[in-house]
Every structure is written in C-alpha cells, then in structure tokens.
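Just so it is clear, none of the values below were taken in a lab; they were calculated from the coordinates. Keep in mind the model is a prediction, meaning the values are calculated, not measured. Heads up, the Cβs are rebuilt from the backbone with ideal geometry, glycines too, and the neighbour counts pull from every protein chain shown.
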Amino acid sequence: MATLTKLDDIVSLCKRRGFIFQSSEIYGGLASCYDYGPLGSELKRNVRNAWWKSTVQMRDDVVGLDCSIFMHPLVWKASGHADKFADIVTVCKKCNVRSRVDHLANAENKKAEGLADKVCPACGAVGQFTEPMPFRLMFETQMGANVDDSMTIFLRPETAQGIFVNFRNVLDTTRIKIPFGIAQIGKSFRNEVTTKRFIFRTREFEQAEIEFFCAPGTDKQWYEHWKETRFNWYLNLGIKKENLRLRPHEKDELAHYAKACVDVEYKFPFDVDDWQELEGIANRTDFDLRQHQRGMRTLNAWYEKKGDLSKIELNSESEDYQKGPLSYFDEEGKQRFIPYVIEPSAGIDRSCLAFLVDAYDEDEVNGEKRSLLRFHPALAPVKAAIFPLVKKDGLPEIARNIYDDLKKYFSCFYDEKSAVGRRYRRQDEAGTPFCITVDGQTKEDQTVTVRERDSMKQERINISQVKQYLREKLDI
C-alpha cells in the first residue's frame, strides 16, 4: 500500500539523517519513546518557536508561562484525573496484547457492538478478548527524603492544570484583563496503550496549550476565533489544505465539562483516509477554575487523611462560588464571575510528524530518484549550506568565512566532502532551502552560486549580498 510505504520511507529517512531515533536503541529500545537527533531537535525547536511567535509574541492578549512538571496531588483530585483518568482496555487471549477498546475494529462485514466481533490488531484473532477494565494513565512516583514526609505525586498528564492554578498569580502580577490567554509549552506523560505509529502517540510527549479566559456569553465568539486561527496556523506553515480538516465532536464524545469541541485533523499515512487529531479546541466553560476553588477548600482534609486521595471528597460548591479566589471582577461591567475558558491544545510531536509527512517528496533528477523535504523556511532545521566546490585553491577558506558570518544569523551547515551533487542531495533530504557554492569564479568577481531546494534553480550573487538575500527569501 503506497501510503504505508511513504510512512516507512519517512521513518527510514528520520533515522538515516538524524531526525529521530528510538530511545535507548543500543539496549533494544523502549517502546513508544523517541529521541530527537541533530536535525530533529532543530525541527522541533522551530515548531515550538513558530507556535510561540504566533500565539504569544504576535498577540497582545496572551502571556506565557512555564510550570513545574510536579504538582500538588490535590491538583489532580480537583481536575478529575485522580479518579477518572483511565482508558478502558482489553487483552487478547491469543497473543496477550493489550488494546484500547475504542480503538478495536470490527471484523469484516460485522457491525455488532461489544467485543465478540472485534479484531486484535496484533494477531488478527476475532472475539478473543478479556472483559474490559480501566487502565490508569498517570505515572506515579514518590517525593520526599524521609518516610514521614514522603507523598505520592504524579508526572503531569497535561500542561493545562498548571495554567489554571496560576490564573490568580498571572492576574495579580500583570496588568492584563479579560479576555486574555495564558500559553505554555511543556512535557506531559501518559502510560497509554500505544500503537506502532512512530511519534504520533508516545508516553512522553510535548504539548503546546493556550487557556483563553473570557466572560460568559462571549465564549462562542472566542471559540470560533481560535478554531479559525489555529487551522490557519498549519496552512501558513505549509500543510496542504487537502490534508487538513476541522471535525466537530459529536455530543456523545464530548468531555463532561465541554460545551463544544473541534479537532484539527491531519490525513496521516497510517491507513487509507486515516484522519487523526493534531489539535483539539475546546470550550471548557468555567469547570476548571470552579473545581480548583473546591480543591483549595479541601486542603485540610488532605492533610488529615495523610494525603490519601481515594479517601478525600472535594468540598461541595458554595452558593457564592463566583466570589471565590479564582473569580474575576470586571471593572467596566461592575460584575464578578468565573471566566469561561477556550482551550486550543496541540501536540508538538504530532505537529512535527505532520510537517515531516507533508514536506516529504520524491522526484527524478538525471534519471535518479531524489528524496527531499519541502519544509516551510521557518521550520527547516538548516537554513543554508555552504560548500567549496573543491578542497583547494583557497576555496575552503572563502567558504568558511561566509559560513562563519552567516551562522550568526541563521542555522547553517558547512560541507566540503564528496562531489557537490551528492552534497546537494544530502541537504535536500535534510530540507535545507538554499545551498551556497564557492567556485573558481568566486576568486575573480566575488560571486557565489545559490541553489534553491525545490526548483533546483541556481543564480549568482555577490558575497556581500548573501545575508540580505537569505533574509528576504526566508522571511526571518
């Protein structure tokens, strides 16, 4: 199947060119965990930077935050994760592989509900499953040097809660007013049942989230605003429109706290027409801030029961909850309320995979196959590569001087090994937009050849113009 071959080609390219490696590979690897290599770490950094520039730097109504991964256990009680954050899974009796029930497909021409006609994705057995059971997704660890002061804490399963518990801190230390957002990029951890889909679903992943706080009654317009804004972000960075769509959630799949939710989906090459979530945009109403007000009032019970979350009930919500510590007073309207929240939540790793898939292309040059990554310039790990045509006649020295000057402004690469055609091919696979070659003519008129990745067109410009040329072409 062509689409699956394409994904295999991308995985192979990622390993060959240093984008992504299997974690702990020399020890046989660790399932669903990956390391980003020299090119991959640059790509990932560029995706982060593009997100941050769009959502924080270029807006006046969003500020940034960087929260701790470890948080007080009551945070997860208040958010509902301590009690409800689990997948329903089943185990194949034939091959002993665990699967999420909602990810199992029916056998051909079967539409019955339940597990009787479900197919094991590992061995193909039909209906050979154990009874469904909850599988807790949060990783636990212990904090504290001594037995008396130790407590069970969790690796955060999402970055959003750190924003909610800092809502009052941001209000008190900035001059920002509602409507406004708080943005964060950070690692999250989930002990999920994963599938073999490369970096699409991993147990350690990076999220980019915004919690946009607004007055009740204005939430619908802000929900529409963020739907359009986030969809266009992917298009503006080169994702083909035919590979991107918005899919509203049906009522029966909405989270219990959500008023509305839509997924930005990308057509990944896992199966035919396999649309999968890149980002979710949800109207979370005032649920989270109300829950954390209840959590704050439950603190004494937590200490009395020595931190056993299973024995603690959140304080009931009082009638005056809108006057609580996480409420907001609108000076203009002279009213106090708990803000509603619109949450665009994107996966940095999934975004990297989508940009890799969408940029991957193959064509033919002089009868030979050329593999290349047609990255948007803002995402390309290396912006320009500098080559001396040969390793003599003073050309390496000139090329080195150009490289040393350009690397102060752009991510650059210097290469003087092998034939120049092979060097071009290596940079095409890395997604480098421009290659600059120093040759014999350079010594005569101070010009170099600039070769463009996608069209392979070449033009000569003066060395003194190279920096400005790249700035204009890269738009950075």
Quiz item: If the limit is 23 Å between Cα atoms, which of Lys227/Lys259; Lys44/Lys267; Lys6/Lys383 go over it?
Solution: Lys6/Lys383
Practice problem: Check the straight Cα-Cα distances from Lys391 and name the aspartates and glutamates below 12 Å, setting aside those fewer than 8 residues away within the same chain. | Solution: Asp415, Glu416, Asp439
Quiz item: Convex hull over the Cα atoms of the stretch 267-353, averaged projected area in nm²?
Solution: 10.0
Quiz item: Once the Cβ-Cβ distance between Lys457 and Asp271 is put in as r, and R0 is 45 Å, what FRET efficiency do you end up with, to the nearest 0.05?
Solution: 0.75
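Take Thr174, Thr229 and order them by how many other Cβ atoms sit within 10 Å, fewest up front. List each step's numbers first, then the result.
Values: Thr174 11, Thr229 15.
In order of increasing Cβ crowding within 10 Å: Thr174, Thr229.
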Quiz item: Short version: ³J(HN,Hα) in whole Hz for each residue of the stretch 146-151, in order, from phi by Karplus 6.51 cos²θ - 1.76 cosθ + 1.60 (θ = phi - 60°), x for Gly and Pro, what are they?
Solution: 10, 4, 5, 10, 7, 9
Exercise. Using only Cα atoms, locate the centre of the stretch 451-476 and the centre of the stretch 58-81, then give the distance between them in Å, rounded to an integer.
Key: 43
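Among Tyr469, Tyr266, what is the fewest-to-most ranking by other Cβ atoms within 10 Å?
Details: Tyr469 16, Tyr266 25.
In increasing order of surrounding Cβ atoms, one gets Tyr469, Tyr266.
Which of the trypsin sites (Lys or Arg not before Pro) found in the stretch 207-310 are loop residues per DSSP with 13 or fewer other Cβ atoms within 10 Å of their Cβ?
Lys240, Lys305, Lys306
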Quiz item: Over the stretch 1-104, one equal point on each Cα, no solvent: what is log10 I(q)/I(0) by the Debye formula at q = 0.20, 0.22, 0.23, 0.24 Å⁻¹?
Solution: -1.12, -1.09, -1.10, -1.11
Quiz item: If all Cα-Cα distances of the stretch 382-474 are sorted into 10 Å bins from 0 onward, what percent lands in each bin, rounded to whole numbers?
Solution: 18, 57, 25, 0
Quiz item: What aspartates and glutamates could a cross-link reach from Lys77, if we take a straight Cα to Cα line under 19 Å and drop same-chain neighbours fewer than 8 places away?
Solution: Asp87, Glu140, Glu158, Asp286, Asp288, Glu304, Asp308, Glu313, Glu317
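Cα convex hull of the chain: mean projected area in nm², to one decimal? Spell out each step's value before the answer.
Values: hull surface 116.7 nm².
With the hull built on Cα positions only, its mean projection is 29.2 nm².
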Quiz prompt | For the stretch 164-313, the fraction of alpha-carbon pairs in successive 10 Å shells from zero, as % | solution = 9, 28, 36, 20, 7, 1
Self-check item: Ranking of His249, His103, His81 by count of other Cβ atoms within 10 Å, fewest first
Solution: His103, His249, His81
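With a ≥ b ≥ c the root eigenvalues of the C-alpha gyration tensor of the stretch 86-136, is it rounded (a/c under 1.5), prolate (a/b larger than b/c) or oblate? Numbers along the way, then the final one.
Details: a/c = 2.03, a/b = 1.37, b/c = 1.48.
Judged from the Cα gyration tensor, the stretch 86-136 comes out oblate (a/c at least 1.5, b/c at or above a/b).
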